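Chemist: Okay, here's the structure, questions in a sec.
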Amino acid sequence: MCQKKALSSSVLAISLMLHLFSLEAFGAPLRFHIKDLSQRNLLSFSIDSLLERVLAQNSLVRGWVEMDLDKLETGIQGEIECDMRAFQTGSEIRDLVWQEKILETKQYPEAILKIVDWGQTVKGALAKEKANDLLVKAELIYRGKKLPLLLPVRLTYFSESEKTRSKLPGNLLRFSSKVEWDFSQLGISVPSDLKSVVGERMEVVMDLVGTDKLPNEKILLPEGPKPKERN
């Protein structure tokens with residue numbers, strides 16, 4: 001009888017520990033890795049000047065975003081890195097002008113956006129498969145300076161499914177933002193001979209997708225038609 005009671009108590013203790021562990025794991029912060037080896041993440045900027053409108057795109061963006069999806073009040077953190085040398089405007093000559101005379105990418109090849117916390121009061125869970133428009137406190141590290149930002153973001157969470165696996169494995173978080181900045185805020189000085197083709201403000205658009213599973217090191221492409229078998 002004593003042995004049965006001891007065994008029953010042990011089983012109960014183990015069950016309680018497993019239950020508590022599962023609750024803790026369920027509510028733990030989840031990290032989404034922004035590392036799409038097919039280079040479908042996108043950072044772009046557009047500038048309207050007197051003579052032309054410039055649109056530049058960059059897919060060399062990577063990083064991570066971390067939060068507790070069920071308890072947003074515990075905060076959000078993240079870090080997103082961008083290779084400034086990878087912006088393309090559609091013209092090789094214009095790309096060279098931007099890299100050498102405006103962005104000065106040889107001296108400032110990288111920009112880092114650090115997400116520090118929410119920029120507003122949030123509670124509860126992130127709505128699933130629905131756009132969540134929020135504010136985050138962030139810090140842009142660029143040109144040797146740290147620029148504090150209040151950044152509007154749109155977060156959309158997707159549980160892993162056959163549909164999402166065509167994009168990336170794992171549960172996915174889409175992280176997007178649109179903001180306008182003055183060049184002076186970023187420490188960029190436009191040469192006087194380029195001011196007619198380079199405006200003073202830029203609209204920056206960020207559209208990234210992170211996964212809670214590390215992507216494969218190989219780029220996965222759709223399977224094409226197979227060659228006919230020889231007789």
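The values are calculated or read from the model by the stated rules, or taken from the named source; none is laboratory data. This is a predicted model, so every value here is computed, not measured. Don't worry about glycine lacking a Cβ; one is built from the backbone with ideal geometry, like all the others, and counts go over all protein chains shown. All accessible areas refer to the heavy atoms of the entire protein, side chains included, with ligands and DNA or RNA removed. Shrake-Rupley method; radii C 1.70, N 1.55, O 1.52, S 1.80 Å.
Chemist: State yes or no: is residue 75 over 30 Å from residue 192 (Cβ atoms), touching a residue at least 40 places away in the same chain (Cβ under 8 Å) and open to solvent by less than 20 Å² (accessible area, probe 1.4 Å)?
Modeler: Working: over 30 Å from residue 192 (Cβ atoms): yes; touching a residue at least 40 places away in the same chain (Cβ under 8 Å): yes; open to solvent by less than 20 Å² (accessible area, probe 1.4 Å): yes.
Taking the combined requirement at face value, the residue satisfies it.
Chemist: For region 75-103, how many residues are closer than 17 Å to residue 44 by Cα and under 15 Å from the mean Cα position of the chain (by Cα)?
Modeler: Qualifying residue count, region 75-103: 4.
Chemist: Could you list, in sequence order, the residues of region 73-123 that are touching a Lys or Arg at 6+ places or on another chain (Cβ under 7 Å) and over 30 Å from residue 28 (Cβ atoms)?
Modeler: 99, 105, 108, 109 - these are the residues of region 73-123 that are touching a Lys or Arg at 6+ places or on another chain (Cβ under 7 Å) and over 30 Å from residue 28 (Cβ atoms).
Chemist: Please tell me if residue 106 is under 20 Å from the mean Cα position of the chain (by Cα), open to solvent by 60 Å² or more (accessible area, probe 1.4 Å), closer than 21 Å to residue 83 by Cβ and modelled with pLDDT of 95 or more.
Modeler: Numbers: under 20 Å from the mean Cα position of the chain (by Cα): no; open to solvent by 60 Å² or more (accessible area, probe 1.4 Å): yes; closer than 21 Å to residue 83 by Cβ: yes; modelled with pLDDT of 95 or more: yes.
Answer is no for this residue.
Rundown of residues vs (1) modelled with pLDDT of 90 or more; (2) out of contact with any strand residue (DSSP E or B) (no Cβ under 7 Å at 6 or more places or on another chain); (3) surrounded by 15 or more Cβ atoms within 10 Å (Cβ to Cβ), yes/no style:
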position	(1), (2), (3)
149	yes, no, yes
181	yes, no, yes
193	yes, yes, no
216	no, yes, no
222	no, yes, no
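Chemist: Turning to a different aspect of this structure: Determine which member of the set 65, 54 is buried (at least 16 other Cβ atoms within 10 Å of the Cβ), of a type outside the set (D, E, K, R), in contact with a Phe, Trp or Tyr (Cβ under 9 Å, 6 or more places away or on another chain) and modelled with pLDDT under 95.
Modeler: On the way: 65 fails: modelled with pLDDT under 95.
Only one candidate qualifies: 54.
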